[in-house]
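Here the structure is laid out as structure tokens; the discussion comes afterwards.
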Amino acid sequence: IYLLLSNLAFNFSENVSFERNGYAHFRYGYSLNSWLTPEALLQYQIDVPLRIEQRILAGAGPRFKLVKSTKQKLYTGHLVLYEVDKELNNPIEHRDFRLSSYLVYELKVEKKYRWTTTMYYQPRLDNFEDFRLSAQTQFQLQFLKNLQFIITASANYDAFPVQDATIPNLTYRLTNGLLVTF
């Protein structure tokens with residue numbers, strides 16, 4: 001199983017950068033049987049508004065299928081990540097190991113509607129007080145054979161964001177768009 005995700009956002013005018021963030025995420029999994037898939041990932045991330053110059057993640061671990069029916073799916077995964085995190089406009093760099101535990105629930109009603117929710121818990125392995133929580137929920141509505149409307153809501157909590165008093169612990173985002181399949 002191969003998965004490649006990318007999300008980039010740039011918003012600027014002349015010499016002012018209002019928004020510059022995004023990530024590229026690659027994940028590989030190999031199904032050993034009907035319920036176990038070892039997986040590995042690589043991710044590169046930038047987020048200027050949150051003062052992250054770059055965050056590089058590499059990790060691996062098992063993914064377990066808990067429920068799979070024609071309408072519902074439930075998965076959990078538990079990976080060990082190595083993270084290199086460089087803060088923007090200061091020399092601080094973090095190199096940490098983190099646990100990345102996640103839970104994915106999907107509900108599909110025929111081929112018209114799909115609702116997916118994913119939740120992550122990512123504590124540092126040497127300091128569980130330094131953790132990140134994130135949740136994303138997405139609703140897809142198919143209105144043509146190869147065209148779907150998507151609305152996504154996400155929230156992220158970082159117990160120890162970068163060393164800048166203006167950066168909040170909690171951030172959230174609401175997006176919508178069109179998905180074209182080939």
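The values are calculated or read from the model by the stated rules, or taken from the named source; none is laboratory data. Bear in mind that the values here come from a model prediction, so they are computed numbers and not experimental data. Using ideal geometry, Cβ is built from the backbone for each residue, glycine included, and neighbour counts are taken over all protein chains shown. Just so you know, the surface numbers come from the protein's heavy atoms only, side chains and all, with ligands and any DNA or RNA stripped out. Shrake-Rupley method; radii C 1.70, N 1.55, O 1.52, S 1.80 Å.
Details
- Other residues lying with their Cβ under 12 Å from the Cβ of Ile167 contribute a combined charge of -3, Lys and Arg counting +1, Asp and Glu -1.
- In this simple spin-label approximation, Thr117 and Gln136 carry label points 7 Å from Cα along the Cα→Cβ vector, and these lie 1.6 nm apart.
- Local net charge near Gln148, Cβ-Cβ under 14 Å (Lys/Arg +1, Asp/Glu -1): +4
- Using the Cβ-Cβ distance between Tyr82 and Ala165 with R0 set to 22 Å, the FRET efficiency works out to roughly 0.20.
- Among residues other than Tyr113 with Cβ under 14 Å from its Cβ, the summed charge is +3 (Lys and Arg +1, Asp and Glu -1).
- Residue of Leu41, Leu141, Leu79 that the Gaussian network model of the chain assigns the largest fluctuation, springs spanning Cα pairs under 10 Å: Leu141
- With a simple spin-label model that places each label point 7 Å from the Cα along the Cα-to-Cβ direction, the separation between Lys145 and Leu66 comes to 3.7 nm.
- FRET E, pair Phe128, Asn11, Förster distance 35 Å, beta-carbon r, rounded to 0.05: 0.45
- Note on Asp96 and Ala58: their simple-model spin labels are 2.0 nm apart, each label 7 Å out from Cα toward Cβ.
- Under 12 Å from the Val109 label point (7 Å along Cα→beta-carbon), backbone N, segment 128-169: 140-142
- Annotation: per residue accessible area for the chain equals 65 Å², rounded to a whole number [probe 1.4 Å, protein chains only].
- Across the accessible surface of segment 83-182, with the other protein chains kept in place and a 1.4 Å probe, carbon and sulfur atoms take up 60 percent.
- Translational diffusion coefficient (Stokes-Einstein; Kirkwood radius from C-alpha pairs) of the chain at 25 °C, 0.890 mPa s, in µm²/s: 136
- Hydrodynamic radius by Kirkwood, which averages 1/r over all alpha carbon pairs of segment 138-182, in angstrom: 12.8
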